[in-house]
């Protein structure tokens, strides 16, 4: 019976191709919009999530900010509120094994290295031992700094393979530079450092202008940076939670601890903040999903409008075929069969429209994702949802006209002019 | 399968009943009114009494507005009488629930309309299959039966043509094949030649005669033409909603 009804529906749709297509258009546009938006939304969420995970799920960023940015804050206040080494030391003692490292960096001015007429830009960054873990720096040659480097502030450096390539060309073997001294020009001073390690530079996205314009980090021990800049305080540090520790919970504990420990320094003008990447990922995914949902809702309105179009056409189609309905009834068609025939027709119109919409939506979504620079991420659930939803629209908006057809009095239908 | 069994059973029963020559259709004091309960209530049929036996070929003749079409609609269970009793093949239609009516029409009655009423955009064979489909008969059996019927009415060659590719006479022949699909007890033909020229009209009438004589079908022909009515063995004349005369035609089969 289902098969027969589908056949009948297809005959009737074929007989009015243009009309059926125009009816479908509403569904096509609605489904296409929902699928495209969901594809873009999912791709963005997945990419951002991956990116944040790349920064370390266990990382907790701790910072001190003014409560009110507009408030009158003196230079002395700023000096007072910063995170000091002894506070960080106490922090690591307090939380012990829950923390696998504290990373601070002291960003200096951009420096340049000149060799045989070539100039390469670098960021000189003073780092604590926890930095490499927090930022997932991968050493490929040599070693990290030792205790001695950190405590004495030796002029040692870890440089990137990219930097070596920029300065010496692709042929040069990076390990040949281990133990060698390089001279970095920072501001008006020169910093001479001995290379102890080489890390692999991970390129993020595409960079305009090619290799030449990439600025990589040259890491030196934190103490060395302080010696150079005479600055020992930070606005911000990264705490790496030990494996198995809930970073979101720990970030709250750290925030409470530091707020208490630094109460005198903070005064009523500053506050300690702490957030984990974990909670940021969750927050971000939630926001993105909400946004996708909100936009999809608007697209769903298009679907409903499309559904009303289907209802309209079904009503017209049934009025047009009143005599046919009368004949079918005279031939002994039960009401249920008449109803099924027209509901099948509505469902098939919606389903065809839905499938076209899905295909167009996937194309549109993937093109958009491509141009926005994300990795395409197709949501299978949204496809099932769209198919189901367009069928439901067919049933919902086909029901009332079909019911009307089924309830026609056979003789009135036969006599209809 | 069950449907098929039922079908076979009705056919069997029918053969038995042909032998007993019993009453197939019994109408008692059938009245039909429109706008019931309103001041302009209009009574079309004023109490029709009618018996039709199995295997009869009856014509109901009358002017337009005489109520003959209204009577046919009631006999065909397309419409319900306002009062009176109608028994078809032992089933009291006046007491049958609405839901049962479609099945009664499907199994017991074959309609032939003046305007053919074939389903548009659907080929001849699918049109003939339609009553079989509603009877729940399998696709294979439907097809075989439809081909058999179309060949019987001489439309074997044009089975896959849609109604708009057929002439009036051809359409009416397809319609007759369709009316015969479920081997109904009775064929109700409402002005079947009304839209045809005399030559094709003759052809259609010959098919009715053949169905009556060779297959023993019960046929009720509704017409305004005394000439056509004269061909049938029994003639019932209806005027202003009353049966005014009934006669047995001695010149049976003379055409």
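The values are calculated or read from the model by the stated rules, or taken from the named source; none is laboratory data. In this text, all values refer to a predicted model and were calculated from it rather than measured experimentally. Note that we place each Cβ from the backbone using ideal geometry, even for glycine, and neighbour counts take in every protein chain shown.
For region B:84-107, the tally of residues that are at pLDDT 90 or above and at the interface with chain A (Cβ under 9 Å from one of its Cβ atoms) stands at 7. Only residues that are more than 13 Å from residue A:258 (Cα to Cα) and touching a residue at least 12 places away in the same chain (Cβ under 8 Å): list them for region A:66-84, please. Residues satisfying the conditions are A:66, A:67, A:68, A:71, A:73, A:77, A:79, A:80. For region A:229-260, filtered to residues that are at pLDDT below 75 and out of contact with any helix residue (DSSP H, G or I) (no Cβ under 9 Å at 6 or more places or on another chain), the residue that is surrounded by the fewest Cβ atoms within 10 Å (Cβ to Cβ) is A:230.
For residue B:137, the requirement of being farther than 29 Å from residue B:232 by Cα, within 14 Å of chain A (Cβ to nearest Cβ) and free of Cβ contacts under 8 Å to residues at least 60 places away in the same chain is not met. Before we move on, is residue A:304 within 45 Å of the chain's Cα centre (by Cα) and either assigned by TED's automatic domain parsing to the domain that holds residue A:17 or surrounded by fewer than 20 Cβ atoms within 10 Å (Cβ to Cβ) (or both)? Taking the combined requirement at face value, the residue satisfies it. Residue count for region B:165-180, restricted to those that are touching a strand residue (DSSP E or B) at 6+ places or on another chain (Cβ under 7 Å) and farther than 13 Å from residue B:116 by Cα: 1.
Can you pull out the residues in region B:97-132 that are crowded, with 20+ Cβ neighbours inside 10 Å and free of Cβ contacts under 8 Å to residues at least 24 places away in the same chain? Passing the criteria: only B:126. Would a scan of region A:156-169 turn up a residue that is modelled with pLDDT of 80 or more, at positive phi, surrounded by 12 or more Cβ atoms within 10 Å (Cβ to Cβ) and assigned to a strand (DSSP E or B)? Scanning region A:156-169 turns up no residue that is modelled with pLDDT of 80 or more, at positive phi, surrounded by 12 or more Cβ atoms within 10 Å (Cβ to Cβ) and assigned to a strand (DSSP E or B).
Of the residues A:346, A:330, A:368, the single one that is touching a strand residue (DSSP E or B) at 6+ places or on another chain (Cβ under 7 Å) and at negative phi is A:330.
Conditions tested, residue by residue: (1) out of contact with any helix residue (DSSP H, G or I) (no Cβ under 6 Å at 6 or more places or on another chain); (2) over 30 Å from residue A:242 (Cα atoms).
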residue: A:96; (1), (2): yes, no
residue: A:102; (1), (2): no, no
residue: A:136; (1), (2): yes, no
residue: A:158; (1), (2): yes, no
residue: A:180; (1), (2): yes, yes
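Filtered by the rule that a residue be under 18 Å from residue A:132 (Cβ atoms) and free of Cβ contacts under 8 Å to residues at least 40 places away in the same chain, region A:157-193 gives A:174, A:178, A:193. Highlighted here are the helices (runs of 4 or more DSSP H) found entirely within region A:307-417 that include at least 1 residues which are more than 14 Å from chain B (Cβ to nearest Cβ) and modelled with pLDDT of 90 or more: A:335-372, A:380-406. Here residue A:119 meets the list (1) under 22 Å from residue A:201 (Cα atoms); (2) touching a helix residue (DSSP H, G or I) at 6+ places or on another chain (Cβ under 7 Å); (3) at pLDDT 80 or above almost entirely, failing just condition (2). Flag set for residue A:292, criterion: in contact with a helix residue (DSSP H, G or I) (Cβ under 6 Å, 6 or more places away or on another chain) and at pLDDT below 90. Helices (runs of 4 or more DSSP H) fully within region A:1-113 that include at least 2 residues being away from chain B (no Cβ under 14 Å) and in contact with a strand residue (DSSP E or B) (Cβ under 8 Å, 6 or more places away or on another chain): A:75-81, A:85-95. Within region B:73-96, being more than 20 Å from residue A:413 (Cβ to Cβ) and touching a residue at least 60 places away in the same chain (Cβ under 8 Å) holds for B:86, B:87, B:88, B:89. When B:47, B:62 are checked against the criterion of being more than 8 Å from chain A (Cβ to nearest Cβ), modelled with pLDDT under 95 and buried (at least 17 other Cβ atoms within 10 Å of the Cβ), a single residue qualifies: B:62.
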